[in-house]
1. Output the residues belonging to the stretch 74-92 that are buried (at least 18 other Cβ atoms within 10 Å of the Cβ) and among the β-branched types (Val, Ile, Thr).
2. Does at least one position in the stretch 175-182 carry a residue that is under 13 Å from the mean Cα position of the chain (by Cα) and either open to solvent by 10 Å² or more (accessible area, probe 1.4 Å) or without any contact (Cβ under 8 Å) to a residue 24 or more places away in the chain (or both)?
3. When you look at Thr185, is it open to solvent by 40 Å² or more (accessible area, probe 1.4 Å), within 17 Å of the chain's Cα centre (by Cα) and within 14 Å of Met85 (Cβ to Cβ), yes or no?
4. Take the residues in the stretch 64-73 that are of a type outside the set (S, T, N, Q) and free of Cβ contacts under 8 Å to residues at least 60 places away in the same chain; name whichever of them is surrounded by the most Cβ atoms within 10 Å (Cβ to Cβ).
5. Going through the stretch 98-127 one residue at a time, which ones are small (Gly, Ala, Ser) and either at positive phi or out of contact with any Phe, Trp or Tyr (no Cβ under 8 Å at 6 or more places or on another chain) (or both)?
6. Looking at the stretch 39-68, which of the residues that are charged (D, E, K, R) and not in a helix (DSSP H, G or I) is nearest to Glu127 (Cα to Cα)?
7. Would you check which residues across the stretch 69-95 are in a loop (DSSP other than H, G, I, E, B), farther than 19 Å from Ala51 by Cα and either within 20 Å of the chain's Cα centre (by Cα) or of a type in the set (D, E, K, R) (or both) and list them?
8. In the list Phe143, Phe200, which residue meets the criterion of being in contact (Cβ under 8 Å) with a residue 12 or more places away in the chain, farther than 23 Å from Ile59 by Cα and open to solvent by less than 40 Å² (accessible area, probe 1.4 Å)?
Amino acid sequence: MSAFNKLNNKFSRLWILAFICVASLSSSCSKTQSYSELLRDEEHAVNWYLAQKRVELDIPRDSISFETGENAPFYKLDEDGNVYMQVINRGSIGADGKAENRVSAGEQVYFRFTRSNILNMYEYGSEAEEGNSNDVVQTAAYFLYKNTSLNASTQWGTGIQMPLRFFGYDCEVNLVLKSYCGFVTDQTYCYPYVINVRYFKPEY
C-alpha cells in the first residue's frame, strides 16, 4: 500500500471517530431539558397529584373554618398556585375562632418535616420519604418568620412559612410546594414536593 493510501486511511478513521464523538455529544445535548421543559414537567406532576385530592380555591375567613385531617382539602394559598395547604391540626384556637400562639415577624420557628418528591411519584409510581420528623437524633430545622435575608430562613423557601398566616405554633399541615416556593436546593431542577410540617416554639 502506498504512503498516500495509508495516510488517506488514517484520515478516514479519524474522521469516522470524530463523527461518532459529535453524534454522541449531540445525543447527550438533546436529552438535556431546558428550564421551561422542567417547569412543564413540574406542572404536570403537581396537577396529577392534586387531581387525586380535594382542592379548594377559596381560603376560609378564619382559622377555625379550615377543615382538618387526612381527608381535608388542599387550599390554594397563592394566586399562582405554587403552594397548597392541607390542615392536619390547627393548633390552639381561641373562642373568637382565631389561632392562638401566633408567630410575630422575626420570631424563631422550629419545624420538623417529612417530604416526598412529587415528580418522582408521577414518573415512577413511588418515592421514598426524607426529612427530620422521625429521627430524634436530628435537630429540628428553623427559620425566622418573615425574614428574607438570612440564609437560615431563605434556604427553606417562602412556602413553608405561609401556614403561619393562619395558625400559630403547634399546628401541623401538609403542603404541596412547587419549586419556586420550595427549598432552595429544589429550585434549579424544578422539583415539587409534598411535605408534612409541624411547627414548634423554641424552648429557652
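1. Going through the stretch 74-92, the residues buried (at least 18 other Cβ atoms within 10 Å of the Cβ) turn out to be 74-77, 82-87, 90-91.
Selection gives Val83, Val87.
2. Taking the stretch 175-182 and keeping what is under 13 Å from the mean Cα position of the chain (by Cα), we get 175-182.
Still in the list and also either open to solvent by 10 Å² or more (accessible area, probe 1.4 Å) or without any contact (Cβ under 8 Å) to a residue 24 or more places away in the chain (or both): 178, 180.
Within the stretch 175-182, one or more residues are under 13 Å from the mean Cα position of the chain (by Cα) and either open to solvent by 10 Å² or more (accessible area, probe 1.4 Å) or without any contact (Cβ under 8 Å) to a residue 24 or more places away in the chain (or both).
3. Numbers: open to solvent by 40 Å² or more (accessible area, probe 1.4 Å): yes; within 17 Å of the chain's Cα centre (by Cα): yes; within 14 Å of Met85 (Cβ to Cβ): no.
For Thr185, the condition - open to solvent by 40 Å² or more (accessible area, probe 1.4 Å), within 17 Å of the chain's Cα centre (by Cα) and within 14 Å of Met85 (Cβ to Cβ) - is not met.
4. My answer is Ala72.
5. The first filter runs over the stretch 98-127 and keeps only residues small (Gly, Ala, Ser), leaving 99, 104-106, 116, 125-126.
Gly106, Gly125, Ser126, listed by residue number.
6. First pass over the stretch 39-68, keeping only residues charged (D, E, K, R): 40-43, 53-54, 56, 58, 61-62, 67.
Then keep just the ones that are not in a helix (DSSP H, G or I); that gives 53-54, 56, 58, 61-62, 67.
Numbers: Lys53: 18, Arg54: 21, Glu56: 26, Asp58: 30, Arg61: 35, Asp62: 35, Glu67: 27 Å.
Across the stretch 39-68, the extreme among qualifying residues is Lys53.
7. Start the filter on the stretch 69-95 by keeping residues that are in a loop (DSSP other than H, G, I, E, B), which leaves 69-73, 77-82, 90-92, 94-95.
Restricting the remaining residues to those that are farther than 19 Å from Ala51 by Cα gives 90-92, 94-95.
Scanning the stretch 69-95 gives a single hit, Arg90.
8. Working: Phe200 fails: open to solvent by less than 40 Å² (accessible area, probe 1.4 Å).
The unique qualifying residue is Phe143.
The values are calculated or read from the model by the stated rules, or taken from the named source; none is laboratory data. Since the structure is predicted, the reported quantities are computational estimates derived from the model, not experimental observations. Neighbour counts are summed over all protein chains in view; Cβ atoms, including those assigned to glycine, are modelled from backbone coordinates with ideal geometry. Protein only, heavy atoms only, side chains kept; ligands, DNA and RNA dropped before computing areas. Shrake-Rupley method; radii C 1.70, N 1.55, O 1.52, S 1.80 Å.
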